[in-house]
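The values are calculated or read from the model by the stated rules, or taken from the named source; none is laboratory data. Because the structure is a prediction, the values reported are computed rather than measured. Every residue, glycine as well, gets a Cβ built from its backbone with ideal geometry; the counts of neighbours run over all protein chains shown.
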Amino acid sequence: MTVGVLSLQGSFYEHLSILSRLNTDHIQVKTSEDLSRVTRLIIPGGESTAMLALTQKSGLFDLVRDRIMSGMPVYGTCAGMIMLSTFVEDFPNQKTLSCLDIAVRRNAFGRQINSFESEVSFLNSKITVPFIRAPKITQIGEGVDVLSRLESGDIVAVRQGNVMATAFHPELTGGAAVHEYFLHLGLE
């Protein structure tokens, strides 16, 4: 197994660091050749419109979507979740990979100054994770499993087949529970 981390923009170094700690083979994905070498992909948090522009300019956008639709496991955090979604409410013309049957609203928990940490349940354990200009999942389609919610009831982590996403940034905490779950995605 080789995990790729899309490394065009955003918090990719933090994901690479966790994968190193987990002794998992991993590479940065910046080109189509890089993408062809991976069996799993992480799309990091960052700025979704910048990430969209960079994936299109690099020629990776359609290749990433094709690999996901062919069954490659993928995990998106924050902006990565926006990229995987099927609809962005506040930017209805924003192009997405449309691989995860959810609708999202960008920056729904507030601006940078409104960033916060919260304890959430993830697979029967409690983890404390940061929400930084985080998107909110406003709708989920059939076949989408909820992995985590805030106390308010807001859904903050989901999975649909080989695709998972979180509104929060587990890569910034040093904890590895979410990444460990992703590494087993599709192997169960």
Of the residues in the range 177-188 that are in a loop (DSSP other than H, G, I, E, B) and farther than 14 Å from Ile42 by Cα, the one that is modelled with the lowest pLDDT is Glu188
Where residues in the range 80-112 are out of contact with any Cys (no Cβ under 9 Å at 6 or more places or on another chain) and assigned to a strand (DSSP E or B), which of them is modelled with the lowest pLDDT?
Arg105
Filtering the range 57-71 down to residues that are in contact with a helix residue (DSSP H, G or I) (Cβ under 9 Å, 6 or more places away or on another chain) and touching a residue at least 12 places away in the same chain (Cβ under 8 Å), which residue is nearest to Ser148 (Cα to Cα)?
Ile68
How many residues does the range 1-43 hold that are assigned to a loop (DSSP other than H, G, I, E, B) and either more than 18 Å from Pro73 (Cβ to Cβ) or at pLDDT 95 or above (or both)?
15
Residue pairs within 6 Å by beta carbon, gap of at least six or interchain, first lying in the range 166-186 and touching a residue at least 40 places away in the same chain (Cβ under 8 Å), second surrounded by fewer than 17 Cβ atoms within 10 Å (Cβ to Cβ) and part of a loop (DSSP other than H, G, I, E, B), listed first then second, are Ala176/Leu22
List the residue pairs whose Cβ atoms are under 8 Å apart, where the first residue sits in the range 73-93 and is touching a residue at least 12 places away in the same chain (Cβ under 8 Å) and buried (at least 24 other Cβ atoms within 10 Å of the Cβ), the second is in a strand (DSSP E or B) and among the polar types (S, T, N, Q), and the two are 6 or more positions apart or on different chains.
Tyr75/Thr166; Gly76/Thr166; Thr77/Thr166; Cys78/Thr166; Met81/Thr166
Taking the conditions exactly as written (free of Cβ contacts under 8 Å to residues at least 12 places away in the same chain and either touching a Pro at 6+ places or on another chain (Cβ under 6 Å) or assigned to a strand (DSSP E or B) (or both)), does Glu119 satisfy them or not?
yes
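Examine the range 60-71 for a residue that is loosely packed, with under 13 Cβ neighbours inside 10 Å and assigned to a loop (DSSP other than H, G, I, E, B), and state whether such a residue exists.
Going residue by residue through the range 60-71, those that are loosely packed, with under 13 Cβ neighbours inside 10 Å are 62, 66, 70-71.
Next, from what is left, pick out any that are assigned to a loop (DSSP other than H, G, I, E, B): 70-71.
Checking the range 60-71: at least one residue is loosely packed, with under 13 Cβ neighbours inside 10 Å and assigned to a loop (DSSP other than H, G, I, E, B).
Find the residue count for the range 161-188, including only residues that are under 14 Å from Thr24 (Cβ atoms) and either surrounded by fewer than 24 Cβ atoms within 10 Å (Cβ to Cβ) or among the hydrophobic types (A, V, I, L, M, F, W, C) (or both).
Count: 10.
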Return yes when Val29 is touching a Leu at 6+ places or on another chain (Cβ under 9 Å) and either in contact (Cβ under 8 Å) with a residue 60 or more places away in the chain or within 21 Å of Leu185 (Cβ to Cβ) (or both) and no when it is not.
yes
Would you check which residues across the range 123-176 are of a type in the set (Lys, Arg) and either at positive phi or at pLDDT 95 or above (or both) and list them?
Arg133, Arg159
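Out of the residues in the range 136-162 meeting the condition of being part of a strand (DSSP E or B) and either among the small types (Gly, Ala, Ser) or in contact with a helix residue (DSSP H, G or I) (Cβ under 6 Å, 6 or more places away or on another chain) (or both), tell me which one is farthest from Glu89 (Cα to Cα).
Ser148
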